[in-house]
Amino acid sequence: MRFRRRTSQAQVGLIVLGLGNPGVEYENTRHNLGFMCVDELSRRLKTRVSEREAKALVGRTRKHAPDGGVVLLAKPQTYMNLSGDSAVALLKQHGLEIDDLWVVYDELDLPMCRMRIRRGGSGAGHNGVRSLIASLGTDAFVRFRVGIGKPSRKGSPAGRHYVLGRFTKAEAERLPQVINGVADALELALQAGIERAMDRYNRAGALGCEELL
């Protein structure tokens, strides 16, 4: 799917989309880590992700915005498995391309305290990412994959009950460092580009906390 870019610098030039589920019952669950990271970034950039637009809550900021435009921070309110509906609506509304979409989400295949920034790839079983790929017709968006690890107990299902569960005590102790580290990476990417953020954060220890395997 292609979208026509608007040329005015006053327009939104980049969307940072955190994945999660709306509603009090899902707050502070592993699957809402994308929401948490976008909330921290919004705090730093002095905006609130509270306006309703295109099936999402959004906030706007010019701080660190590429080319003097506006960065749109967004949290889809469609539930995880329909995240793509909101992403498509936002891109169309602002006349943006796939390269203008960064997505932040929880990743089972990485241990907690690890993050991997990349462009493209499969959904790897993540329903939100699957929805994005299906709705957008491409996997070529930038991802900030934030590790939540898999259940430590042998034979435990690494599925719905795990990702919708709350963090353990050990995880909760590391959570502030993880969220701050991801927000640092997002700020660096905004200021210096994705490649610079990849070089800095796609390695062990970059988030500043001890990994949980």
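The values are calculated or read from the model by the stated rules, or taken from the named source; none is laboratory data. Owing to the predicted nature of the structure, the values given are computational and were not obtained by experimental measurement. Here Cβ is always computed from backbone atoms with ideal geometry, including for glycine, and neighbour counts include all displayed protein chains.
Summary table below
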read-out: Looking only at segment 112-126, and only at residues there that are touching a strand residue (DSSP E or B) at 6+ places or on another chain (Cβ under 9 Å) and surrounded by fewer than 16 Cβ atoms within 10 Å (Cβ to Cβ), the one that is modelled with the lowest pLDDT; value: 124
read-out: Residue 150 touching a Phe, Trp or Tyr at 6+ places or on another chain (Cβ under 8 Å), more than 19 Å from residue 184 (Cβ to Cβ) and either in contact (Cβ under 8 Å) with a residue 60 or more places away in the chain or in a strand (DSSP E or B) (or both); value: no
read-out: Leading residue by the ranking (surrounded by the fewest Cβ atoms within 10 Å (Cβ to Cβ)) among those in segment 127-152 that are over 26 Å from residue 176 (Cβ atoms) and among the hydroxyl-bearing types (Ser, Thr, Tyr); value: 138
read-out: Within segment 154-211, helices (runs of 4 or more DSSP H) holding 1 or more residues that are modelled with pLDDT under 95 and not hydroxyl-bearing (Ser, Thr, Tyr); value: 160-163, 169-192
read-out: Sole residue being of a type in the set (Val, Ile, Thr) and under 14 Å from the mean Cα position of the chain (by Cα), chosen from 12, 24, 49; value: 49
read-out: Filter result for residue 160 (within 20 Å of residue 124 (Cα to Cα) and out of contact with any helix residue (DSSP H, G or I) (no Cβ under 8 Å at 6 or more places or on another chain)); value: yes
read-out: Answer from 41, 45, 19 - the residue that is buried (at least 16 other Cβ atoms within 10 Å of the Cβ) and within 19 Å of residue 137 (Cα to Cα); value: 19
read-out: Residue identified as part of a helix (DSSP H, G or I), closer than 17 Å to residue 84 by Cα and touching an Asp or Glu at 6+ places or on another chain (Cβ under 9 Å) among 135, 122; value: 135
read-out: Residues of segment 87-102 classified as surrounded by fewer than 17 Cβ atoms within 10 Å (Cβ to Cβ) and under 18 Å from residue 144 (Cβ atoms), total; value: 1
read-out: Residue within segment 50-62 that is surrounded by fewer than 19 Cβ atoms within 10 Å (Cβ to Cβ) and within 26 Å of residue 122 (Cβ to Cβ) present; value: yes
